[in-house]
Amino acid sequence: MTRSGIGTVTGWARPTVNKRIDELTAIGIAQPLAIPSATGGRPAQGFAFNPSCAYILTIDIATTVTTIALCDLSGQPTVTQTVNVGAENEPDEALAHICKAADSLLIQGTGASQAIGTPHTRAVRLYAVSVAVTTRVETITGNIIQAPVMRHWENHHLREYFAERYHAPAFIENDANARALCKAHQMSPNAQRLVPNLLYVHAGMGLGAGIIASGAIMHGAFGAAGDIGHIHVFSSIGEHSLCRCGNTGCVEATAGGWAILQALQAQGKSACTLNDVVELANHGDIATVQLIRQAGRLIGDVISACVNMLNPSCIVVGGELSHCGELLMNGIRERVWARAQPLATKSLRIEPCSDEAQAGIVGLAYAAIDQGLTSLDMLQNFANEQNR
């Protein structure tokens, strides 16, 4: 946009526009751009957003692995690394490995010419740190709470830990929420910033959901929204199964990855990880195929209730179990079409997530961008850091 175009949109006087442009170019968020003239004359002096002026460190902590990336301020990853530690490890051990890899990325930078040297030997400017975990996060504190999967991580103050280590604002988000945010951006029509109503279902060791409602992540009062794995099954199948949460009859206790692993091991199958389950299913092992199909129907029952309540336009199914493909998806679609109301399903899309690792880190970048680039305090702090 040109200075006059900015003035027209904002209603600011020319001196105010000049002052704001000077402030933004000084910290690198805006950059000069020659705009071609429609008549073929001299290009006009314009300005554009500079996504490479700083980077977001994204850390997606899964059950057994962690994906770390540097993303620019448009949300696009520029460099990515995976380490073989995750939620199942002790937090001190996992965090040591994660931070060692993250430090290496920050020192090496992105390889882009825009990378700018800063103190602490970093090759890039760090705008924020955004972290995903495989459980619910308390909205106010950012702490992990009531987490069967990450029980050793409870009240481990991750937000403060990363903020103090990297001297940057830190955000902690549930992994399903991060992926929901990414898919909402990716699947949006050109005229929309994101799909305003979308449901992301994570079918991995546990079951959870990320909910985009009216264009924003639904966290609930304390961060517990989307915990669909602990809804009671809608049939006699699994109604007496003991769940990791201590209740009986949770859908996760029959359709979750950990429950499927236990069932296969009880039958003498050689299955130690969900990759083993996917391998058995894709090779047509009868017992595994039956368990995956049953899981699809049970998960579909829960999703159908979510469809009636939330009326999303898109449902995306991710997690390791989604790699079983149509064995899982057919059961989900069968129950959703059968049990959800016609008005809620007439234009509904249900599809698997084909880029889950990428979706996690991109969604984390969007989560930081949505909170950071609209925060005057964060922008002011960022400007102060660059001016030191």
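A compact table of results
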| item | result |
| --- | --- |
| Test for I350: is it within 16 Å of G204 (Cα to Cα) and in contact with a helix residue (DSSP H, G or I) (Cβ under 6 Å, 6 or more places away or on another chain) | no |
| Set L274, L261, L194: member being free of Cβ contacts under 8 Å to residues at least 60 places away in the same chain, closer than 30 Å to D285 by Cβ and hydrophobic (A, V, I, L, M, F, W, C) | L261 |
| Residue in segment 151-161 that is touching a helix residue (DSSP H, G or I) at 6+ places or on another chain (Cβ under 7 Å), part of a loop (DSSP other than H, G, I, E, B) and under 30 Å from G28 (Cβ atoms) present | no |
| Yes/no for A259 being outside any loop (DSSP other than H, G, I, E, B), of a type in the set (G, A, S) and more than 25 Å from V133 (Cβ to Cβ) | no |
| Which numbered condition G229 misses (of (1) under 22 Å from M309 (Cβ atoms); (2) touching a strand residue (DSSP E or B) at 6+ places or on another chain (Cβ under 8 Å); (3) part of a loop (DSSP other than H, G, I, E, B)) | (3) |
| Subset tally (residues that are more than 24 Å from A225 (Cα to Cα) and either of a type outside the set (D, E) or assigned to a helix (DSSP H, G or I) (or both)) for segment 279-327 | 20 |
| Criterion: of a type in the set (V, I, T), surrounded by 19 or more Cβ atoms within 10 Å (Cβ to Cβ), closer than 24 Å to V65 by Cα and under 28 Å from the mean Cα position of the chain (by Cα) - qualifying residue of V278, V251 | V278 |
| Residue ranges of strands (runs of 3 or more DSSP E) in segment 1-119 with at least 2 members touching a Ser or Thr at 6+ places or on another chain (Cβ under 6 Å) and either outside the structural domain of T273 (by TED's automatic domain parsing) or modelled with pLDDT under 95 (or both) | 44-49, 55-61, 66-72, 77-83 |
| Number of the exception - I303 against (1) surrounded by fewer than 16 Cβ atoms within 10 Å (Cβ to Cβ); (2) more than 20 Å from T64 (Cβ to Cβ) | (1) |
| Of all residues making up segment 233-248, the number that are without any contact (Cβ under 8 Å) to a residue 12 or more places away in the chain and either part of a loop (DSSP other than H, G, I, E, B) or crowded, with 22+ Cβ neighbours inside 10 Å (or both) | 4 |
| Some residue of segment 201-220 being touching an Asp or Glu at 6+ places or on another chain (Cβ under 7 Å), within 24 Å of E88 (Cα to Cα) and not in a strand (DSSP E or B) | yes |
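The values are calculated or read from the model by the stated rules, or taken from the named source; none is laboratory data. This one's a predicted model, so the numbers in the text were calculated from it and none came from an experiment. Neighbour counts are summed over all protein chains in view; Cβ atoms, including those assigned to glycine, are modelled from backbone coordinates with ideal geometry.
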